[in-house]
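The structure appears right after this line, and notes come after that.
The values are calculated or read from the model by the stated rules, or taken from the named source; none is laboratory data. Just so you know, these numbers come straight off a predicted model, no measurement behind them. Neighbour counts are summed over all protein chains in view; Cβ atoms, including those assigned to glycine, are modelled from backbone coordinates with ideal geometry.
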Amino acid sequence: MLKAAIVGAGHFAYRMHIPVLAARPEVTLDSVCRLGRAELDLIRDEFGFAFATEDWREILDRDIDIAVIASPHNLHYEQARAFLEKGCHVLVEKPMCLDPAEAWDLVRIAAECKRELLVAYGWNYKTGLDTLRDFTARIGTIEHVVCHMASFTRGIFSGGGMERWKHIAIQPDRSTWEAPDQGGGYAYGQLSHALGILFWATDLRVAEVRSMAFQAPTDIDLHDAAAVRFTNGATGVLSGSCGVPNGHGFEVDLRLYGTKGSVLLDIETERMVLKTEGGETEVAQVSPGDWTYSCEGPPNRLVDVALGRERNESAGDIGARAVETLHAVLQSASQGGLAHSISLDSRADKA
């Protein structure tokens, strides 16, 4: 049996991560942490946790095998590091943290401790999406990238949008999306999903960014546009928008252009197309609904990798490349679009 701890048992952990782990016969729900004693006790009693605390450090004294870090983004580094060094396999919510150097430090620590570090990228575990890697391997050296994500989240980032969850016992905390110092805003909150796919499908790494952002009155980004240069010399365009009207689904578009072909991924219409020389076209077979977003994949995979059964498809280096990219996008935007270079000190070779 694997003993599990949940650190930051907020709305999403209550709605997704905890029920998934509770359904696994190989898992014992040992410890849970969150602020707010009434909510903490509710979660403890509903799921049968053996130990509940408002101080996450108290869990470090317990016998734990796997940990889920679902606290505010600015707390991820310290908490994930502590549980990795304790000897746990760790699933951390995206973005894995806010500082690129800290992100790569977590990658280093996981490797040194010989433990798996997973980031909660739900799409990386969807049926049939692994064909993207196969297609990408056939287009040669990537020279240009278009990566876009838009979602129905204007209300969430603008002070509303919580009505859909009013029936759930544990309510969302607005600071998750609206506090700039905690990683609020569209880039960290949503565009990170699309980058999780891009950096899972390729070994690309961003070197330089020039960007602009459309700000909310609360000083978080609602829409983002960036031109990037990758370390291999390739160019790219990254964009994100909260402007999809309510009642519609996620829009995630990824186009990769290489020396031998191109790949299109369109999550909304469930299309994946490989184009190669001579007018050849190959279309992946996708069943309707296979790519509808949900996040049961990462916590299930946390269990599987801890048992040595499966491969980690959202490893720490994917999350770290996303963090350094998002950090650069927001830094450039805050400086009026000035070029922001990503320091080698925050890269995998340094870690």
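Test ILE156 against the criterion of being in a loop (DSSP other than H, G, I, E, B), surrounded by 15 or more Cβ atoms within 10 Å (Cβ to Cβ), of a type in the set (Val, Ile, Thr) and not assigned by TED's automatic domain parsing to the domain that holds GLY8, and give yes or no.
No: the conditions fail for ILE156.
Take GLY316 and decide whether it is buried (at least 23 other Cβ atoms within 10 Å of the Cβ), in contact (Cβ under 8 Å) with a residue 60 or more places away in the chain and either in contact with a strand residue (DSSP E or B) (Cβ under 7 Å, 6 or more places away or on another chain) or under 24 Å from MET96 (Cβ atoms) (or both).
In short, yes.
So GLY140 passes all but one of these: (1) small (Gly, Ala, Ser); (2) in contact with a Leu (Cβ under 7 Å, 6 or more places away or on another chain); (3) not in a helix (DSSP H, G or I). Which condition number does it fail?
Of everything listed in (1) small (Gly, Ala, Ser); (2) in contact with a Leu (Cβ under 7 Å, 6 or more places away or on another chain); (3) not in a helix (DSSP H, G or I), GLY140 misses just condition (2).
Identify all residues within region 190-214 that are within 17 Å of LEU98 (Cα to Cα) and out of contact with any Asp or Glu (no Cβ under 9 Å at 6 or more places or on another chain); write none if there are none.
GLN190, SER192, HIS193, LEU195, GLY196, VAL209
From the residues in region 112-127 that are more than 15 Å from ALA322 (Cα to Cα) and part of a loop (DSSP other than H, G, I, E, B), which one is modelled with the lowest pLDDT?
Among them, the one singled out is THR127.
Yes or no, residue by residue, for (1) modelled with pLDDT of 80 or more; (2) of a type in the set (Asp, Glu); (3) touching a strand residue (DSSP E or B) at 6+ places or on another chain (Cβ under 7 Å):
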position: GLY155; (1), (2), (3): yes, no, no
position: GLY161; (1), (2), (3): no, no, no
position: ARG164; (1), (2), (3): no, no, no
position: SER175; (1), (2), (3): no, no, no
position: GLY185; (1), (2), (3): yes, no, yes
position: THR202; (1), (2), (3): yes, no, yes
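For region 267-312, name all the residues that are among the charged types (D, E, K, R), surrounded by 21 or more Cβ atoms within 10 Å (Cβ to Cβ) and either touching a strand residue (DSSP E or B) at 6+ places or on another chain (Cβ under 6 Å) or assigned by TED's automatic domain parsing to the domain that holds GLY140 (or both).
none
So, of the residues in region 174-206 that are touching a residue at least 60 places away in the same chain (Cβ under 8 Å) and more than 23 Å from TYR77 (Cα to Cα), which turns out to be surrounded by the most Cβ atoms within 10 Å (Cβ to Cβ)?
Among residues in region 174-206 that are touching a residue at least 60 places away in the same chain (Cβ under 8 Å) and more than 23 Å from TYR77 (Cα to Cα), the one surrounded by the most Cβ atoms within 10 Å (Cβ to Cβ) is ALA201.
So which strands (runs of 3 or more DSSP E) stay within region 28-108 end to end and still have 1 or more residues that are within 20 Å of the chain's Cα centre (by Cα) and touching a residue at least 40 places away in the same chain (Cβ under 8 Å)?
66-69, 89-92
Take VAL146 and tell me if it is in contact with a helix residue (DSSP H, G or I) (Cβ under 6 Å, 6 or more places away or on another chain) and not in a helix (DSSP H, G or I).
When the stated conditions are applied, VAL146 does not pass them.
With respect to GLY87, is the statement that it is on the phi > 0 side of the Ramachandran plot and in the same structural domain as GLY289 (by TED's automatic domain parsing) true?
no
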